[in-house]
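**Student:** I'd like to ask you about the structure that follows.
The values are calculated or read from the model by the stated rules, or taken from the named source; none is laboratory data. These numbers were taken from a predicted model, which means no experiment stands behind them. Backbone-built Cβ (ideal geometry, glycine too); neighbour counts: all protein chains shown.
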Amino acid sequence: MIYIKQLLRKPLKTLLGILIILLASAMLCVSLSQYVSFFRTRASVESKYTTIALPTNKYKIEQSVDEQGHPVVIYSDSQPIEVQQFLSSLCVNLPQEIQSEEHHELISAFCKNIDSLNWAEFYNESAYTGEGDGTTVISENPYTCALIVFKADDISEPYPYAAPAIDFPENTASDGNMAVDITGTVISAYMLHKGFDDPAGYTIRLTVHGETADSLAKIGLNKNDIYIAYGNDYADCNWELKKQIGLITKGAYERCSWDNIIMLSQEEIDSLPVNSPEEMAKNGATEKEIAIYNDSESEKEIYLNQSKLDMIESCSLTVECSPSLMAGAFDGYVEQFDMTTGSMISIPCKDFNDMYARASIEKLSGSVEDFMANDENELWRQAADAIEINNHSFPVIATDNLMSVAPFGLQDAFIAEGRTFTEQEYDDGAKVCLISETLANRSGLGVGDEITMRFYEEDYNSPWNLLSTKSANPEAAFYSVYKGFSSDETAFKIIGLYRQKQEWSEGAYAFTPNTIFVPKKSAVGQTAENDSGIFYSLLLKNGTADKVDDYLAKNGYGGLLAYYDQGYSYISENLNEFFSTSVKMLLVGIIGWCIFLAVFLFMYPAQQKTEAERLWRLGAPKDFVSGYYISTNIWIVLIGIILGGTASFIFLQTILQNFSEQAGITLDIAQAPILIFAISVLQFVLIIGMIFLTARKVVRRLYNQTGE
Amino acid sequence: MLFPYLLRRMRRRKKMCIIVGLASLMAGILVYGFHLGVVSMTDQIENVLDNSEVTCAVTNLTGTQVDGLMLPDWASNLFRETTAESVHIPTTSFLDYVDNIKMKFSMEADCLNCNVNVFGVTSIFADRSISLQEQSIEWFSGFDDSVFESDANACIISDDLYSLFQQSGNSKLELTVKARDNNNLTSTIPLDVAGILHGKSASVYCPWETASKVCLDLNKNLSVDCISATIIDNRKIEEFKEKCANIYFAEVDPRGVPQPWEASPIYESYPFALEIYDKTMNETIATLKSGMLIFNICQIVIVILTLCMGFIVATLSIRHRQRELALQNVLGCSKLNIFSEIFTEYVAVSFTCLAIGVAALALISKVSPPWFYIAAVSAAGCLGTVAGALPLILNKDILLMTKTE
């Protein structure tokens, strides 16, 4: 207290000291805060630009010569092994240039409050080229599950059938497998995806697969009876034919009308060159063309055979009565790959059929509702549930960096409303998601709304699963009742809506508007990935594309990567200039602080020699004299720094924030309070240190005189 | 006479003068420094406006389709040089606002006994499926991307066609194009093969001029798949929207509902939108502007700090010199004169130091000083001094002040 009293005895001097420290402190805090703010502004600008590198097809193409010596080009689905290894090693070899190797992962999710978009409804000619390969093609899966009620018009005799077995083709031909073809009239389609046209009245072509003729006979298939059938490969043949008509010429799909079909007379059929045996053999055709579709506007024609004509107003479905048959059972066992052990296991057919048992086909005597309510029809209720899940299932891309997903990096997709994920959300695995604008509109959702998601994994062992390794346009997997969900129902908040320049496309980097994006850590369950397309990219540090390209050329892989920097190269120089200005401002602040500090030291500790000498004469010990220096100044310094820090804090937090809000912008000054506190502590330590040094110097001089 | 007298008096109050001088010097340097920041930021914004590549594209109403739009050929004419014979001449030329036009149309043709798709493009980047895989084109010597900007009779062909072309032994690729509504009307174009296009089949890409001429001769019209362009001057985006885009195209609406705009001949039969992809540029500018705002606010803060400084210095100065001032008052010096003396001292020191700071930075930076803020700092200093010296003016008897103390 005595020191405070001493200070109050000279209020003018004390106030001046406080003022100097306050100004010094405020100057340093403000200049450092502006530097940090500047730094963060630059970081914020930089974060708006993402530089990605995508592997090109250059090394997927192999020039070769066929038997006749003609040049042949062979395309590979994936990059050669050595290229893959080289790409993987880039992150290690170019740590300064390559930020990360981004693998985006696929999982499926059931979202009951979103209506999925079906390709059959949103089809457009520009997306469908007919050239899309299996890795990029848009499909209607998994919205093709249906319960169809139909009247059987015609039933074929059972015939031997070879079940497809992807993994073990040698197991496929089993003499016991039988099939029956049924032609009928659709009475109603139960729970069919809304994207398909209502098939009521359509002709349905059903194929029923069974293990033996006896097992098929047990179903009791009779003409004119009404049946309910369940399958997961519903196809709207009417639409399929329209798609083929659409390939004739532009606009033919929209103009398509079955009135444009002209049936040919027998003479005309026989006189058609395409129907000549030679031409048919050359084209591998088994049926004669019997009709012509004429697009009146373009005057273009397309020949149609009976199979094509049968597609008009018709649909098809396959009914599988035996899961083990579908899985390619051999010798009473189904061979399956066990993901947990990484080895093959043999499952007896009976057990396998129990595991994957599902509804197939049954005679319907009453209404569908009564049928479903029957206690004995548990499998059918299960099928209905599975359809409901599949109809509301979506491909979910789990990512650690949305902007490195090729279409976002290429700016073919962009956030139209809301925002993208923050680093915090990626790190925490926050329950947030991005959906397409079209999907949001369809389901009446918007930014800020919540959707419930329940993840499920692809069941690789399911006989109903259609294995695919797609690099673009990924779709949700068929829900497996046996495997179930991999997570509980979880609410995800929609933080943004994305828009694609070309929403439906069969391009190498396309995804459908059904796709939902989530932070990688928020996805629960086994995910799938691919080494190309939308699943893989290299995230480069902005402005390093040239260096990476040089490195590739030096290693003989020139042209392996294509770079996209979203226009960063145009503004990179500006950003450097921008940053240098901030550094200059910081220097001015530091120099100002030094000057004020020098003035303070000159006016206060340096002027206390007389008091120190007086104390020395009175016999005070060294430490007491040094302590006197510190004690008399510490309050001035402390009050000055606190006031300076508070002034800076108020300035940055209140004034700056209010101004920025009025200007309609958001300033990133979240770190300012911590920064100001840190600066204040540092200043305090520094100034006290300097006072101590001054005191020590004086004390040493005084006490050296007396040899103490 | 007055100046040496003032100097003599000020010499006795060195500390006070040093504080005022340094504060003014710093205020000048800081205000100028922050002004430099503002100038620099403004330059950055201008640079971003100059250098950012903003594109626009004709899309469907929801903005989700840019290819396969089947636009009428006169829509493409909006983005091309018009002549007196042009079907439609826009009141304001689109070409005043956009360049680097990328357009594509397609037609069918027969070639090497195959039916092929012929694409007329103004740039290889008009076809997204090719440009996304830049390495998919193998150019022959003497040819590059620029071939599409010319009217050369040249083309790039898919590798299946190239195999057939090599087998044929021809030096030129002959395309036979049939009229859409009359199969008997044909036109043949001989083309040099400029390169091979990998990853496509039965496709021929020709310069727009070459292909469109044939198509127009045969069919009298074109059906354009896609149109996109680059904005020439990013400052004129709003003007472009107002004078060109809004007249012919709708704004993108996620619900697909055409937003009202002036009567458009395109809209009557072809409802399309024109989307301008300027979000990244706008976000960058907004970020820079927020940085600029900090500097502007810093300048205001310096003015406020100077005001406080002036007030504190004047208050302390008067309290410190109460006895001296009272004596002066007793000796017949009026309060106004005493105030003038203090004020002049302050102004002399602060203005001199402020001028030194400003002049130093002006010499270094060669940027015009922020006269407004310098004047504001000066005025704030003076105002602070006046406010601080108010007790002197208001007190009836300075001597009384001393007695009370």
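**Student:** Kindly indicate the residue of region B:117-151 that is among the aliphatic types (A, V, I, L, M) and within 23 Å of B:T230 (Cβ to Cβ) and also farthest from the chain's Cα centre (by Cα) among those meeting that condition.
**Tutor:** Of everything passing the filter in region B:117-151, B:I137 is farthest from the chain's Cα centre (by Cα).
**Student:** May I pose another question? If I filter region B:138-149 down to residues being out of contact with any helix residue (DSSP H, G or I) (no Cβ under 7 Å at 6 or more places or on another chain) and not aromatic (F, W, Y), which single residue comes out as surrounded by the fewest Cβ atoms within 10 Å (Cβ to Cβ)?
**Tutor:** Out of the qualifying residues, it is B:S141.
**Student:** Inspect region A:527-537 for any residue being facing chain B (nearest Cβ under 10 Å), under 15 Å from the mean Cα position of the chain (by Cα) and not in a loop (DSSP other than H, G, I, E, B) and give the result as yes or no.
**Tutor:** no
**Student:** Looking at region A:99-157 only, could you name the residues that are at pLDDT below 90 and among the aliphatic types (A, V, I, L, M)?
**Tutor:** A:A120, A:A127, A:V137, A:I138
**Student:** Just to be sure before I move on: is B:A202 under 30 Å from A:T56 (Cα atoms), in contact with a helix residue (DSSP H, G or I) (Cβ under 7 Å, 6 or more places away or on another chain) and among the aliphatic types (A, V, I, L, M) in the structure I sent?
**Tutor:** For B:A202, the condition - under 30 Å from A:T56 (Cα atoms), in contact with a helix residue (DSSP H, G or I) (Cβ under 7 Å, 6 or more places away or on another chain) and among the aliphatic types (A, V, I, L, M) - is met.
**Student:** Which helices (runs of 4 or more DSSP H) does region B:1-116 wholly contain that include 2 or more residues that are more than 37 Å from the chain's Cα centre (by Cα) and more than 10 Å from chain A (Cβ to nearest Cβ)?
**Tutor:** B:2-11, B:14-51
**Student:** Also, quick follow-up: Within region B:167-183, is even one residue of a type in the set (G, A, S) and at positive phi? Talk me through it step by step, then tell me what you get.
**Tutor:** Initially, region B:167-183 is screened for residues of a type in the set (G, A, S), giving B:168-169, B:171, B:179.
Narrowing the set further to residues that are at positive phi leaves B:169.
Yes, the conditions are met somewhere in region B:167-183.
**Student:** Now for a separate question. Can you say whether B:I302 is touching a Pro at 6+ places or on another chain (Cβ under 7 Å), more than 7 Å from every other protein chain (Cβ to nearest Cβ) and more than 28 Å from A:S47 (Cα to Cα), as far as the supplied structure shows? I'd like the intermediate steps shown before the answer.
**Tutor:** On the way: touching a Pro at 6+ places or on another chain (Cβ under 7 Å): no; more than 7 Å from every other protein chain (Cβ to nearest Cβ): yes; more than 28 Å from A:S47 (Cα to Cα): yes.
Spelling it out, it is not the case that B:I302 is touching a Pro at 6+ places or on another chain (Cβ under 7 Å), more than 7 Å from every other protein chain (Cβ to nearest Cβ) and more than 28 Å from A:S47 (Cα to Cα).
**Student:** Between A:L540, A:L552, A:L586, which is more than 9 Å from chain B (Cβ to nearest Cβ), farther than 30 Å from A:F122 by Cα and at pLDDT below 85?
**Tutor:** A:L586 is the lone residue from the list that is more than 9 Å from chain B (Cβ to nearest Cβ), farther than 30 Å from A:F122 by Cα and at pLDDT below 85.
**Student:** Confirm whether B:T176 is under 12 Å from B:M107 (Cα atoms) and among the polar types (S, T, N, Q). Outline the logic, then answer.
**Tutor:** Numbers: under 12 Å from B:M107 (Cα atoms): yes; among the polar types (S, T, N, Q): yes.
Yes, satisfied.
**Student:** Take residues that are within 14 Å of another protein chain (Cβ to nearest Cβ), modelled with pLDDT of 80 or more and surrounded by 14 or more Cβ atoms within 10 Å (Cβ to Cβ) and tell me which of the strands (runs of 3 or more DSSP E) falling wholly in region A:295-353 contain 1 or more.
**Tutor:** A:300-305
Okay, residues lined up against (1) facing chain A (nearest Cβ under 8 Å); (2) crowded, with 21+ Cβ neighbours inside 10 Å; (3) over 50 Å from the mean Cα position of the chain (by Cα):
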{"site": "B:G291", "(1), (2), (3)": "yes, yes, no"}
{"site": "B:S317", "(1), (2), (3)": "no, yes, yes"}
{"site": "B:R323", "(1), (2), (3)": "no, no, yes"}
{"site": "B:Q328", "(1), (2), (3)": "no, no, yes"}
{"site": "B:I338", "(1), (2), (3)": "no, yes, yes"}
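**Student:** Okay, moving on. Can you name the number of the only condition in (1) more than 10 Å from chain B (Cβ to nearest Cβ); (2) closer than 23 Å to B:A286 by Cβ; (3) buried (at least 23 other Cβ atoms within 10 Å of the Cβ) that A:V45 fails?
**Tutor:** Result: A:V45 passes all but (1).
**Student:** Now for a separate question. Residues of region A:379-419 being part of a strand (DSSP E or B) and more than 14 Å from every other protein chain (Cβ to nearest Cβ), which ones?
**Tutor:** A:S393, A:F394, A:P395, A:V396, A:I397, A:A398, A:T399
**Student:** I'd like to check something: does region A:386-404 contain any residue that is free of Cβ contacts under 8 Å to residues at least 24 places away in the same chain and more than 27 Å from B:D278 (Cβ to Cβ)?
**Tutor:** No, every residue in region A:386-404 fails to be free of Cβ contacts under 8 Å to residues at least 24 places away in the same chain and more than 27 Å from B:D278 (Cβ to Cβ).
**Student:** Take the residues in region A:562-583 that are in a helix (DSSP H, G or I) and crowded, with 18+ Cβ neighbours inside 10 Å; name whichever of them is farthest from the chain's Cα centre (by Cα).
**Tutor:** Within region A:562-583, the first condition is being in a helix (DSSP H, G or I), and the residues that meet it are A:568-583.
Then drop every residue that is not crowded, with 18+ Cβ neighbours inside 10 Å, which leaves A:568, A:571, A:574-575, A:578, A:581-582.
Values: A:Y568: 23, A:I571: 28, A:N574: 32, A:L575: 30, A:F578: 33, A:T581: 38, A:S582: 37 Å.
Checking each candidate, the answer is A:T581.
**Student:** Output the residues belonging to region A:248-266 that are surrounded by fewer than 12 Cβ atoms within 10 Å (Cβ to Cβ), within 47 Å of the chain's Cα centre (by Cα) and of a type in the set (S, T, N, Q).
**Tutor:** Matches in region A:248-266: A:S257 only.
**Student:** Out of (1) surrounded by 14 or more Cβ atoms within 10 Å (Cβ to Cβ); (2) within 20 Å of A:A695 (Cβ to Cβ); (3) not aliphatic (A, V, I, L, M), what's the single condition that is false for A:T610?
**Tutor:** Going through (1) surrounded by 14 or more Cβ atoms within 10 Å (Cβ to Cβ); (2) within 20 Å of A:A695 (Cβ to Cβ); (3) not aliphatic (A, V, I, L, M) one by one, A:T610 breaks only (1).
**Student:** Okay, next question. Out of B:I300, B:I342, B:I318, B:I304, which single residue is touching a Gly at 6+ places or on another chain (Cβ under 8 Å), β-branched (V, I, T) and assigned by TED's automatic domain parsing to the domain that holds B:R13?
**Tutor:** Exactly one of B:I300, B:I342, B:I318, B:I304 is touching a Gly at 6+ places or on another chain (Cβ under 8 Å), β-branched (V, I, T) and assigned by TED's automatic domain parsing to the domain that holds B:R13, namely B:I318.
**Student:** Just name the residue that is surrounded by the most Cβ atoms within 10 Å (Cβ to Cβ) out of those in region A:500-525 that are within 14 Å of chain B (Cβ to nearest Cβ) and aromatic (F, W, Y).
**Tutor:** In the first step, residues of region A:500-525 are kept if they are within 14 Å of chain B (Cβ to nearest Cβ); the result is A:500-515.
Checking which are aromatic (F, W, Y) leaves us with A:504, A:509, A:511.
On the way: A:W504: 22, A:Y509: 27, A:F511: 29.
So the residue we want is A:F511.
**Student:** May I pose another question? Given (1) in contact with a helix residue (DSSP H, G or I) (Cβ under 8 Å, 6 or more places away or on another chain); (2) modelled with pLDDT of 80 or more; (3) under 22 Å from A:L32 (Cβ atoms), where does A:A598 come up short, assuming only one miss?
**Tutor:** (1)
**Student:** Moving to a separate point now. Just the residues that are exposed (fewer than 11 other Cβ atoms within 10 Å of the Cβ) and either in contact with a strand residue (DSSP E or B) (Cβ under 9 Å, 6 or more places away or on another chain) or outside any helix (DSSP H, G or I) (or both), please, taken from region A:267-291. Steps first, answer last, please.
**Tutor:** Initial filter on region A:267-291 (exposed (fewer than 11 other Cβ atoms within 10 Å of the Cβ)): A:267, A:273, A:277-278, A:281-284, A:286.
Scanning region A:267-291 gives A:G284, A:T286.
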